[in-house]
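The values are calculated or read from the model by the stated rules, or taken from the named source; none is laboratory data. Note that the structure is predicted; figures quoted are calculated from it, not measured. Positions of Cβ are backbone-derived with ideal geometry, glycine not excepted, and every protein chain shown enters the neighbour counts. What goes into the accessible areas is simple: the full protein's heavy atoms, side chains included, and nothing from ligands, DNA or RNA. Shrake-Rupley method; radii C 1.70, N 1.55, O 1.52, S 1.80 Å.
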Amino acid sequence: MKLYTVPHSPYGARVCAQIKLKNLPVEVLPPPEPLRSEGFLKRFALGKVPILELDDGRYLGESWAILEYLEEIGGEIPSLIPKDALARGKMRELARYADLHLAPNALFPLFKSVLAGEAVTASTLDALHTELAKGERLIAARGSLAERALDLGDIALAPSVLYLFLLLEGLGKKEILADFPAFSGWWEGMDRIPEIRETLQGVSTAFRAFAGSRATA
Ligand SMILES: N[C@@H](CCC(=O)N[C@@H](CS)C(=O)NCC(=O)O)C(=O)O
């Protein structure tokens with residue numbers, strides 16, 4: 001199988017982390033047609049990476065759909081989907097928090113202003129605080145990574161949190177999560193997992209190059 005993605009994509013990073021953790025036979029490649037080109041849109045319905053291409057040419061888009069698919073076909077070890085139904089629900093709740101709360105309400109506005117070279121406004125920082133407070137409650141209720149197994153919810157959230165740190169580089173990680181002890185502890189736990197750390201380091205390096213190339217364009 002092939003995973004098409006770009007190195008700075010937080011969504012692609014989710015799948016890359018899963019591939020590393022489960023040692024899956026998936027080759028990670030740049031998109032076969034330029035992103036946003038007619039050819040890309042014709043070939044891939046949603047027009048976004050990541051895309052998983054199967055050996056027979058069929059493909060799947062949307063990072064969460066890919067994560068669940070690879071989990072279903074990719075073997076039990078390590079299992080990244082809990083057996084317990086409520087724990088599975090909590091995993092999906094965390095992923096939806098990342099995609100439907102943190103990203104649209106805080107991450108995207110931040111991304112827009114930082115890449116436009118504008119100052120981050122107080123209202124953007126307030127929105128970020130509100131979203132992080134939601135995450136704090138969710139993460140505290142799930143228990144620390146020392147007490148429960150890592151799952152796809154954690155893997156979906158981590159690259160979005162990394163992006164907050166990258167976009168607010170002047171502020172420092174400790175400061176961003178200062179009011180959120182469960183969230184901070186979770187981040188430190190995630191960063192101790194070598195496959196996660198390695199994946200996120202790759203995203204950081206690629207993001208800095210991407211942001212730098214836009215700044216000088
Ligand atoms: N909901 C999608 C989001 C994917 C996404 O936004 N991908 C970005 C890269 S990070 C992309 O393909 N952007 C190209 C474009 O918007 O034209 C997922 O989870 O896979």
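Given contacts defined as C-alpha pairs under 8 Å and at least six residues apart, what's the relative contact order of the chain, whole-number percent?
25 percent
Roll a 1.4 angstrom probe over the protein heavy atoms and tell me the percent of accessible area of the chain that is carbon or sulfur. Mind dumping the intermediate values first?
Working: 6300 of 11180 Å².
So the carbon and sulfur contribution to the accessible surface is 56 percent.
Leaving out ligands and nucleic acids, and using a 1.4 Å probe, what accessible area per residue does the chain come to in Å²? Spell out each step's value before the answer.
Values: 11180 Å² over 217 residues.
Here the residues of the chain average 52 Å² of exposed surface.
At a threshold of 8 angstrom on Cα-Cα distance, excluding pairs fewer than six apart, so keeping six or more, what relative contact order does the range 2-73 reach in percent?
Details: 90 pairs, mean separation 26.1, N = 72.
Answer for the range 2-73 is 36 percent.
Near Lys134, which lysines are there with a Cα under 17 Å away, not counting those fewer than 8 places off in the same chain?
Straight-distance partners of Lys134: Lys90.
Go through 183-189, 8-14 and give me the packing order, highest mean Cβ count within 10 Å leading.
The packing order, highest mean first, is 8-14, 183-189.
Looking at the range 54-113, which GluC sites (Glu not before Pro) are DSSP coil and have at most 10 other C-beta atoms within 10 Å of their C-beta? Provide the component values of the computation, followed by the final result.
Working: sites: Glu62, Glu68, Glu71, Glu72, Glu76, Glu93; in loops: Glu62, Glu76.
Here the sparse-neighbourhood loop sites are Glu76.
Of all the Cα-Cα pairs you can form in the chain, what percent are over 21 Å apart?
In whole percent, the share of Cα-Cα pairs in the chain beyond 21 Å is 55.
Suppose a student asked you for the relative contact order of the range 99-166, using Cα pairs under 8 Å spaced at least 6 residues apart; what percent would you report?
Working: 23 pairs, mean separation 25.8, N = 68.
After rounding, I find 38 percent.
Where both residues lie in the chain, what percent of DSSP beta bridges are antiparallel, nearest 5? Present the calculation step by step, with values, prior to reporting the outcome.
Working: 6 of 9 bridges.
Bridges in the chain are about 65 percent antiparallel.
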